[in-house]
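What follows is calculated from the coordinates using simple rules that are stated; it is not laboratory data. Small disclaimer: the values here were computed from a predicted structure and weren't measured. As a convention, Cβ positions derive from the backbone with ideal geometry for all residues, glycine included, and neighbour counts pool all protein chains shown.
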Amino acid sequence: MAGKRVGPAEIESVLTAHPAVAEVAAVGVPEQIKGEAIYCFWVPVSGAASTPEACEELAQLVADELGRPFRPGLVRPVAALPRTRSAKTLRRAPADGS
């Protein structure tokens, strides 16, 4: 991301510190200008609002904590994160689409 080094764990730890976030996955996706953009998918805690305003607040939280270059290009709430058979968070779609 713009020549800076950061892993998903740093971004995820910032987001999971927010009281509305149960769990989160941060992934890098190819991007024309920066080389790679950050997309974050988060599971709200029970009763937490998953509004566009909440997503904006989370994106701003990352920018405030890690710097503007690390502000996610997408922050989206999801009902659950996909898991592998060993219960690890799946961070990419299978090549065969299954």
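Tabulated data for the structure shown
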item: Arg5 versus Glu53: modelled label distance in nm, points set 7 Å from Cα along the beta carbon direction; result: 4.0 nm
item: For region 6-16, 3J(HN,Hα) per residue [Karplus equation, 6.51 cos²θ - 1.76 cosθ + 1.60, θ = phi - 60°, Hz, x = Gly/Pro]; result: 8, x, x, 4, 5, 5, 4, 5, 5, 6, 6
item: Beta bridges by DSSP in the chain, antiparallel share as percent, to the nearest 5; result: 75 percent
item: Within a Gaussian network of the chain (alpha carbon springs, distance under 10 Å), most fluctuating of Val43, Val29, Val21; result: Val29
item: Nonlocal amide H pairs with Ala37, under 5 Å, H built at 1.01 Å; result: Val29, Glu31
item: Hz values of 3J(HN,Hα) by residue in region 46-54 - Karplus curve (6.51, -1.76, 1.60), Gly and Pro given as x; result: 4, x, 7, 6, 10, 8, x, 5, 5
item: Mean separation of Cα contacts under 8 Å (6+ apart) over length of region 8-77, as relative contact order %; result: 31 percent
item: Cα→Cβ-extended label distance, 7 Å offset, between Glu36 and Leu90, nm; result: 2.2 nm
item: Spherically averaged projected area in nm², based on the convex hull that wraps the Cα atoms of the chain; result: 7.1 nm²
item: Sequence-distant residues sharing a close amide H with Glu23 (under 5 Å, placed H); result: Val43
item: Candidates Gly67, Gly35, Gly47: whichever shows maximal mean-square fluctuation once the chain is modelled as a Gaussian network with Cα springs under 10 Å; result: Gly47
item: Choice from Ser50, Ser13, Ser86 showing the highest fluctuation, given a GNM over the chain with Cα pairs closer than 10 Å; result: Ser86
